[in-house]
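Novice: Okay, handing you the structure first.
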Amino acid sequence: MTLHQIELSGVNKYYGAYHALRDIDLKIRKGSFVALVGPSGCGKSTLLRSLAGLESISAGDLVIAGTRMNGVPPRKRDLAMVFQSYALYPHMTVEENLTYSLRMRGVGKEEARRKAEEVATTTGLSALLGRYPRELSGGQRQRVAMSRAIIRNPKAFLFDEPLSNLDAALRVHMRKEIRALHDRLGATSVYVTHDQVEAMTMADHVVVMRQGVIEQQGAPLELYDRPANQFVAGFIGSPAMNFVPAQVGADGRSVVLDLGTPHTVALAKSLEAGRVLIVGIRPEHLQLAGEADAGLRLPVGSVESTGAATYVTTATQPELVVVLNSRVSIRPGETLPLHLDPAHLHLFDRETQIRLA
Ligand SMILES: Nc1ncnc2c1ncn2[C@@H]1O[C@H](COP(=O)(O)OP(=O)(O)OP(=O)(O)O)[C@@H](O)[C@H]1O
Ligand SMILES: [Mg+2]
């Protein structure tokens with residue numbers, strides 16, 4: 001019995017001269033929900049399509065359920081792909097859409113119908129089996145696309161931005177639905193999204209990509225708490241982490257932030273005096289302090305309130321975003337006394353942008 005349902009090692013992909021995937025190593029455990037996330041064009045769909053066999057890989061190895069699958073055609077890989085476009089057959093009812101692939105593989109009419117009913121119960125489509133895709137809402141169509149994947153009982157589900165056609169509220173609802181379905185089926189899922197919140201909330205394991213490279217992979221909170229480099233730090237978390245150029249003070253125990261004017265804050269451990277850095281500060285880690293214990297006093301640029309939280313942008317260079325989870329009456333031009341826990345500072349090398357241990 002293999003622990004890993006899918007294993008990629010040293011996978012590279014070229015489109016002509018364009019190097020789309022670079023030395024990808026990825027192990028996907030059976031039963032896990034893995035999200036591939038990164039900016040547009042970073043290679044997420046290419047990686048997913050390579051798993052499915054819709055693209056051939058140029059170098060490296062792909063193993064699915066213990067068998068090497070390089071060069072094996074898609075239909076023999078036993079994976080099910082769910083797209084954002086749903087790709088439903090418009091002239092077929094929901095039931096026909098569900099049973100089509102089974103019928104093509106020679107499953108009898110009655111058995112196919114029984115399976116369709118069973119899957120429809122799981123996905124809440126029982127009452128809609130006789131409808132045509134045009135008679136369904138976006139969320140219902142998405143469920144049909146999911147059901148069509150489930151009915152094949154695949155070794156893994158591959159999702160490529162399946163929710164991007166839905167409005168914000170339905171998207172949040174469908175996230176939960178897909179994750180619950182994954183758990184109920186004991187499935188293995190690989191889920192592509194450019195939305196880091198979707199990746200963080202749905203997945204057990206998040207893979208952050210940039211320009212064909214895996215920048216970091218791990219549990220969602222691992223990536224949030226200890227981003228390996230400035231790119232991951234800026235990509236994970238909303239609002240995004242603030243970055244400030246800085247230099248370690250003469251005592252080695254403090255760092256001077258360059259916010260147009262110098263601001264000195266304490267470090268959690270000592271560093272080489274004079275070293276230049278980038279300091280990362282998450283907006284939620286800057287909290288309102290009393291006048292006496294403020295480690296940082298910053299001029300207020302603008303203030304926005306969502307009701308639940310107050311977003312302050314400082315009048316500094318660079319600007320910092322501060323999220324206060326309380327209602328405060330502050331105005332532009334005033335000075336904001338802030339507390340900053342040294343343990344919450346993220347330190348990156350100015351040259352390499354890599355996290356300092
Ligand atoms: N068939 C192709 N021929 C040549 N280049 C391609 C081909 N398909 C994709 N690419 C290029 O490979 C890179 C990765 O594309 P891919 O579709 O994997 O990105 P993505 O991460 O899925 O982006 P998005 O979030 O926009 O969907 C892009 O620069 C793209 O232009
Ligand atoms: Mg894509």
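Novice: Considering each residue of region 143-165, count those that are within 16 Å of ligand 2 (Cβ to nearest atom), surrounded by fewer than 24 Cβ atoms within 10 Å (Cβ to Cβ) and either at pLDDT 90 or above or not assigned by TED's automatic domain parsing to the domain that holds Leu36 (or both), and give that number.
Specialist: 2
Novice: Strands (runs of 3 or more DSSP E) wholly in region 309-357 with at least 1 residues that are among the polar types (S, T, N, Q), surrounded by 15 or more Cβ atoms within 10 Å (Cβ to Cβ) and out of contact with any Cys (no Cβ under 7 Å at 6 or more places or on another chain) - which ones?
Specialist: Numbers: elements: 310-314, 321-324, 335-340, 346-349.
Passing ranges, in order: 310-314.
Novice: Then there's this: Out of everything in region 28-63 that is small (Gly, Ala, Ser), within 13 Å of ligand 1 (Cβ to nearest atom) and over 13 Å from the mean Cα position of the chain (by Cα), what residue ends up being farthest from Tyr191 (Cα to Cα)?
Specialist: Just the residues of region 28-63 that are small (Gly, Ala, Ser), to begin with: 31-32, 35, 38, 40-41, 43, 45, 50, 52-53, 56, 58-60.
Keeping just the survivors that are within 13 Å of ligand 1 (Cβ to nearest atom) gives 35, 38, 40-41, 43, 45, 50, 52, 56, 58.
Imposing the further condition that a residue be over 13 Å from the mean Cα position of the chain (by Cα) reduces the set to 41, 43, 45, 50, 52, 56, 58.
On the way: Gly41: 16, Gly43: 13, Ser45: 10, Ser50: 14, Ala52: 13, Ser56: 20, Ser58: 23 Å.
Of everything passing the filter in region 28-63, Ser58 is farthest from Tyr191 (Cα to Cα).
Novice: Could you tell me which numbered condition Gln84 fails, if it satisfies all but one of (1) polar (S, T, N, Q); (2) within 23 Å of Ala180 (Cβ to Cβ); (3) more than 16 Å from ligand 2 (Cβ to nearest atom)?
Specialist: Every listed condition holds for Gln84 apart from (3).
For every residue, the table says whether it meets (1) in contact with a strand residue (DSSP E or B) (Cβ under 9 Å, 6 or more places away or on another chain); (2) in the same structural domain as Leu26 (by TED's automatic domain parsing); (3) closer than 27 Å to Lys30 by Cβ; (4) not hydrophobic (A, V, I, L, M, F, W, C).
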residue	(1), (2), (3), (4)
Glu177	no, yes, yes, yes
Ser189	yes, yes, yes, yes
Gln196	yes, yes, yes, yes
Leu223	yes, yes, yes, no
Gln247	yes, no, no, yes
Asp251	no, no, no, yes
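Novice: Which of (1) loosely packed, with under 14 Cβ neighbours inside 10 Å; (2) on the phi > 0 side of the Ramachandran plot; (3) assigned to a loop (DSSP other than H, G, I, E, B) does Gly10 not meet, given it meets every other one?
Specialist: (3)
Novice: When only residues in region 71-88 that are under 15 Å from Val192 (Cβ atoms) and small (Gly, Ala, Ser) count, which is surrounded by the most Cβ atoms within 10 Å (Cβ to Cβ)?
Specialist: Step one: list which residues in region 71-88 are under 15 Å from Val192 (Cβ atoms), which gives 79-85.
After this cut, where a residue has to be small (Gly, Ala, Ser) as well, the list is 80, 85.
Values: Ala80: 23, Ser85: 12.
Step by step, filter region 71-88, then rank; the result is Ala80.
The values are calculated or read from the model by the stated rules, or taken from the named source; none is laboratory data. Keep in mind that what you see is a predicted model, and the values were worked out from it rather than measured. Backbone-built Cβ (ideal geometry, glycine too); neighbour counts: all protein chains shown.
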